[in-house]
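As structure tokens, the structure follows; a few thoughts come after it.
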Amino acid sequence: RFAKESDQLIAIYNERLEEIIRTEADILRRMKEAIGNGTLEVWYQPIMLLEEGRYRAAEALVRLPDGKGGYFSAGQVISLAERNGIVEELGDYVLTKACAFMKEQGDRLGVQRIGINLSVQQLLLDNSAGHLLELIRSTGVDLNRITLEITESILIQSIDRASKTLEKLRQAGAHIALDDFGVGYSSLNYLSNLPVDIIKIDRSLTQQILTQPKQYKLLKTIVDMASINGLVVVAEGVETEAEQKAIAASGLQYIQGYYYARPMSDEKLMQSLQD
Ligand code: C2E
Ligand code: MG
Ligand code: MG
Ligand code: MG
């Protein structure tokens, strides 16, 4: 009887596995196609500069149409691209598109800086700084209007090689943001040594500050440490007015979250920021 049940379980497991493999193959196929024919979308989420009460920055986020009127999750798309060796191609696409958009619309929209996420693979190639700079320059955008976002955990894992690349990008005028800060690895000690200009507080920390006093203290400590080191802080994942108020009181400068605005297509962004 046991043997029979475990056979059934294995059958269910295999079916589920095959389904995952089919879905992933479908996403991958659509991704390659969309990169090739230019239908891969880049959306933008505005970022509020609290002091001015205006959107002064935005983050570019990849959006792959699922063929049913929706989009695959960006996290899944990126992880698949990374595992299948096409994240550099995808990254180049997003970078070029976001820089060109910034060049064309940045001034009109009052957006001073655009954030673009980088995968670690994009940082570890030979001459990756040279390659990224060439792409950015080819769009004609000012480098000081570009922020390159790199996840904290990834930067720490390959700190020696990645730091050299980031330093070159900074020397050319780009800003570097440490993304998803405040989870796992976070060590305040190294903040003064990393080649970064901006810290982005992860949503998981933001969403605990109202319920866990310790987490709010951690946020304040990060903001204070950042300020000592001349870094700017952005809070991600702010969804409610109460969170917004608590965070504003912590002294950090920028807020990104559904409370203000969700990611949107370039057309939507132009509609909502122009009027
Ligand atoms: P991220 O860089 O930390 O980007 C912020 C994510 O938080 C975005 O998810 C955004 O939609 C979401 N978000 C912003 N405000 C809120 C909020 O108030 N509540 C909630 N629940 N979520 C909020 P998205 O677009 O799904 O992207 C997920 C991750 O995928 C990104 O996290 C980034 O790590 C990665 N990613 C997205 N686009 C790219 C890209 O072009 N290249 C690379 N390498 N990674 C990308
Ligand atoms: Mg990011
Ligand atoms: Mg983040
Ligand atoms: Mg992330």
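For the pair Q212 and L50, a Förster radius of 25 Å applied to the C-beta separation gives a FRET efficiency near 0.65, rounded to the nearest 0.05. At a Förster distance of 22 Å, what's the computed FRET efficiency of K164 paired with A100, Cβ-Cβ distance as r, to 0.05? Once rounded, the FRET efficiency stands at 0.20. Spin-label model, I228 to T39: label points 7 Å out along the Cα-to-beta-carbon direction sit 5.3 nm apart. A 1.4 Å probe, protein heavy atoms only, puts the accessible area of R161 near 130 Å².
Note that region 147-159 has calculated 3J(HN,Hα) couplings of 10, 9, 9, 10, 5, 4, 4, 6, 4, 5, 5, 10, 4 Hz, one per residue in order, obtained from phi through the Karplus relation 6.51 cos²θ - 1.76 cosθ + 1.60 (θ = phi - 60°); glycine and proline are x. Can you tell me the 0 to 90 degree angle between the C-alpha axis of helix 2-37 and the longest principal axis of the chain, rounded to 10? On a 0 to 90 degree scale, this one is about 50. Accessible surface for region 1-138, divided over its residues, is 55 Å² per residue with a 1.4 Å probe.
For region 132-143, backbone phi angles converted through the Karplus equation (6.51, -1.76, 1.60; θ = phi - 60°) give residue-by-residue couplings of 5, 5, 5, 4, 4, 5, 4, 8, x, 6, 5, 4 Hz, Gly and Pro being listed as x. F181 sits among other residues whose Cβ lies under 12 Å from its own Cβ, and their net charge, with Lys and Arg +1 and Asp and Glu -1, is -4.
The apolar share of the surface of the chain, taken as the fraction of accessible area on carbon and sulfur atoms (1.4 Å probe, ligands and nucleic acids excluded), comes to 49 percent. Were the residues from Q157 through A248 laid out at 0.36 nm apart, the gain over their Cα-Cα distance would be 29.6 nm. Amide H to amide H, with H built 1.01 Å from N, E149 comes under 5 Å of I116, N117, L118, A177, counting only residues 5 or more places away or on other chains.
Computed from Cα positions, the angle between helix 213-228 and the longest principal axis of the chain comes to roughly 50 degrees. For region 28-80 versus region 97-169, the inter-centroid distance based on Cα atoms is 16 Å. The phi torsions of region 202-208, fed into the Karplus equation with coefficients 6.51, -1.76 and 1.60 and a -60° offset, translate into couplings of 5, 4, 5, 6, 3, 7, 10 Hz, rounded to whole numbers, with Gly and Pro shown as x. Site pair E15 and Q171 shows an inter-label distance of 6.0 nm when each label is modelled 7 Å from Cα along Cα→Cβ.
Under a model in which nothing but the beta-carbon of Lys, Arg (+1) and Asp, Glu (-1) is charged, the chain shows a dipole of about 280 debye around its Cα centre. Averaging the sequence gap over all C-alpha pairs within less than 8 Å and six or more residues apart, then dividing by the number of residues, gives the chain a relative contact order of 17 percent.
Take every pair of alpha-carbon atoms less than 8 Å apart whose residues are at least six positions apart; their mean separation over the length of region 119-224 yields a relative contact order of 23 percent. With R₀ set to 41 Å, the beta-carbon distance separating L135 from L188 gives a calculated FRET efficiency near 0.75. In terms of modelled amide H atoms, which long-range or inter-chain residues lie less than 5 Å from the amide H of Y71? Answer set, sorted by chain and number: D66. Taken over the chain, lysine pairs spaced eight or more positions apart, or on distinct chains, with alpha carbons under 17 Å apart number 6.
Bridges between two residues of the chain, per DSSP, are antiparallel at a rate of about 35%. Residues whose amide H falls under 5 Å from that of L125, counting only those 5 or more places apart or on a different chain, are absent, with hydrogens built in the peptide plane.
The values are calculated or read from the model by the stated rules, or taken from the named source; none is laboratory data. Please read all numbers here as calculations on a predicted model, not as lab measurements. So basically every Cβ, Gly included, is an ideal-geometry build from the backbone, and we count neighbours across all protein chains shown. Please note that ligands, DNA and RNA were not included when accessible areas were found on the heavy atoms of the full protein model with its side chains. Shrake-Rupley method; radii C 1.70, N 1.55, O 1.52, S 1.80 Å.
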